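Working notes, structure below.
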Amino acid sequence: MAAKEQKKQFKAEIKQLLDIITHSIYTNHEIFLRELVSNASDALDKLRFLTAGGQAVADADAPLEIRISADKDAGMLTIEDSGLGMTADELVTNIGTIAHSGSAQFMKEAKASGESLDNIIGRFGVGFYSVFMVADKVTITTRSATPEAAPVSWTSSGTGSYTMQELEADAPRGTRIEIHLKDEAKKFAEERTIKDILRRHSNFINFPILVAGEQVNTQPALWREPKFKIKKEQYDEFYSFLTLDQTPPLETLHIAVDAPVQFTSLVFIPANSSSGLFDNPDNYGLDLYVRRVLIERKHKDLIPEYLGFARGLVDTEDLPLNLSRETLQQNLLVDKIKTTITKQVLAQLAKLAEDKERYAEFWKNHFKVFKLGYSDFINRDKFAELLRFNSSADEDQKGLNSLAEYVARMKDGQKAIYYVSGPSREAVRLDPHLEIFTQRGLEVLYLYEPIDEFIMDSLRSYKDFDLVAAEQADIGELEKFESLDKDEAQPEALSEEDSKTFEDMLLTIKELLGERVEDVRESKRLKGSAACMVTPDGAMSSQMQKYMQLMTKDTSPPVRVMELNRDHPLTRNLLRIFKHDQGDGFLKTSVEQLYESALLLDGYLNDPHALVGRINALLEQASGWYAEIKKA
């Protein structure tokens, strides 16, 4: 038996909303199930709150659960919960209107912008109405938890009206929603489809979700549990469930924060390489949950890109369900969560760095991604402490050194941390700019990645020490340190006349090279090499200049300073030739060869054909002279 039906009209804004839902092409129809299950979970939460406060409720012994059943042949889907339920007045308030504020403005904006339903479902209390994307007809039967409250039903086809009636027959506490599916939505009556949707969107709901009697959400929301109760094996199992990675994570962070934003989080640092992120740079971020309900997978605004190797999730009470992506990006709460998580991860890495072997494993797998942190100026000091470099102090390319370790080994009076860039350890060690450092026993950091130059340019200093490229080092400062080979035989010093002639030769070489060089000068840094190219004072390092040229696709060699080692045998031979004939062709050829050889070492020589041809000509001349000498 039932009381007389009452037919009522939806309010104008509801009609507009239903028209949008039923006539829009919406690709993600499955979202309706997430919304209805979230509503059911909220009703169960509210009931539990009442009973915890000692309030009497109907069917006090009924289990708190969500039950879902389907009839594929009939095209029916039923969702019921044993939660708070509703009275007739509450049903009108909660279902008959959009949430109590903002509805008019919401509808106006949605209509004007043509906003996708991805972004509007769930806002302003409209989550329930998403059911009409898949339903021809919906019937709600609900009974309030208030003792003696009468059950009531609500039925609508999602057009302009709905009917309500109080039921005289008994009904269990809670809410039952019967959905008559549209023909094109019959797949939502298949148990396999239902379970798949629930596992993706509602797997961590705090109440059992039963589909045909089988509980679907068997994985507990581990992040909601007290840390002291959780074993490492549980964290590892959850990580595997979340990422499908069977290798246990290198580190696990369980974060629980009450202020300035209330959220909990599980963040894992994988033991496997993250270099694949460069093939798919958008494939990072933490999963965002609101009250255990998945809102977005891999939300990028929750963690900076340079910590993108981290996997995990964030769950908060402070965000409304289904914020649009645009709103999420502008939400200050999300920024605060990101700030907190960034600090926590960096602190955990600093702790991990105390174990050199384990940190070396982290560095091997994630250094390419981590180095992107050079642009995080807020955490620059923490980032600097976590960097690692190979060094001239290491036996091979596997050695790793922190800036702090470099500083601890510095010579007394050393004022800078020196570095040099190159594609490999072998290439770097041949760099002529290092000769004075080797001679004076000064350690130099070896940079093998292009991004390292940007890191150094961004940091500029570490504690009280400037970061200086070897080619830009103050030679006067370096010469203050005692030479390690002071007992080695020194070349005969040039006479006063030869010294003046050498200066004249430098001017002539400058004229020969013309605008290709800014200047030609005597070198104080070279010992085993005859010549090198250096950047002018105040300019960016040659490697940084090279990377900038790659970005602009400029292949021309930069105009730099050429330095000659006056004590090198080759330079002394050229000086003898110059004294005899300043316009000698061999001198000109040798100058071109020295210039292009220096460009080749620095990676600026685009066409080696002229250089090779010149080498062959010089070898031909040299071999002829040598043969004559041997004959004599």
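Taking every alpha-carbon pair under 8 Å whose residues sit at least 6 apart, segment 168-262 reaches a relative contact order of 14 percent. Remark on N390: its backbone amide H falls under 5 Å from those of N401, Y446, a criterion applied only to residues 5 or more positions apart or on other chains, H modelled at 1.01 Å from N.
Averaged over residues, the count of other Cβ atoms within 10 Å places the peptides 137-144, 155-162 in the sequence 137-144, 155-162, highest first.
The chymotrypsin sites (Phe, Trp or Tyr not before Pro) of segment 334-437 that DSSP puts in a loop, and whose beta carbon has at most 16 other beta carbons within 10 Å, are F377. The simple spin-label model puts a point 7 Å past each Cα toward its Cβ; for D504 and M410 those points are separated by 4.6 nm. If you average the C-alpha positions of segment 558-632 and of segment 437-451 separately, how far apart do those two centres end up, in angstrom? For segment 558-632 versus segment 437-451, the Cα centre distance is 28 Å. A simple rule links phi to the HN-Hα coupling: the Karplus curve 6.51 cos²θ - 1.76 cosθ + 1.60 with θ = phi - 60°, which for segment 335-341 gives 4, 5, 4, 4, 4, 5, 5 Hz, with x for Gly and Pro.
Kirkwood hydrodynamic radius of segment 222-356, from the reciprocal of the average inverse Cα-Cα distance over all distinct pairs: 15.3 Å. Separation of the alpha carbons by more than 21 angstrom is noted, of K356/K398; K195/K229; K298/K338, for K195/K229. Phi angles across segment 510-515 convert, under the Karplus curve 6.51 cos²θ - 1.76 cosθ + 1.60 with θ = phi - 60°, into 3J(HN,Hα) values of 4, 5, 5, 7, x, 6 Hz, Gly and Pro given as x. Listing K187, K527, K351 from fewest to most neighbouring C-beta atoms within 10 Å gives K351, K187, K527. Each peptide in 584-593, 426-435 was scored by the mean count of other Cβ atoms within 10 Å over its residues; highest first, the order is 426-435, 584-593. Using alpha-carbon pairs under 8 Å, 6+ residues apart, how would you state the relative contact order of the chain in percent? It comes to 9 percent, rounded to a whole number. D by Stokes-Einstein for segment 55-95, Kirkwood Rh over Cα pairs, 10 °C, 1.306 mPa s: 126 µm²/s.
For D287, the residues whose modelled amide H falls within less than 5 Å of its own, excluding neighbours fewer than 5 places apart on the same chain, are K298, H299, G312, L313, V314. The ranking of V211, V534 by Cβ neighbour count inside 10 Å, starting from the fewest, reads V211, V534. Sequence-distant contacts, meaning Cα pairs under 8 Å at least 6 residues apart, place the relative contact order of segment 222-356 at 21 percent. Mean projection of the Cα convex hull over all viewing directions, computed for segment 387-478: 5.5 nm². When M133, M410 are sorted by how many other C-beta atoms sit within 10 angstrom of their C-beta, beginning with the fewest, the order is M410, M133.
Can you give me the Cα centroid spacing of segment 474-515 and segment 258-307 in angstrom? If you average the Cα positions of each part, the centres end up 57 Å apart. Most tightly packed first, judged by the mean number of other beta-carbon atoms within 10 Å of their residues, the peptides 216-225, 307-316 read 307-316, 216-225.
The convex hull drawn around the Cα atoms of segment 158-243, when projected onto a plane and averaged over every direction, covers 9.7 nm². Please list, short to long, the whole-number percent of alpha-carbon pairs of segment 469-588 in consecutive 10 angstrom bins beginning at zero. Answer for segment 469-588: a P(r) of 12, 36, 32, 17, 3 percent.
No value in this document is a laboratory result; all are computed from the given coordinates. Every value quoted in this text rests on a predicted model; they were computed, and no experiment measured them. With ideal geometry, Cβ positions are generated from the backbone for all residues, glycine too; neighbour counts draw on all protein chains shown.
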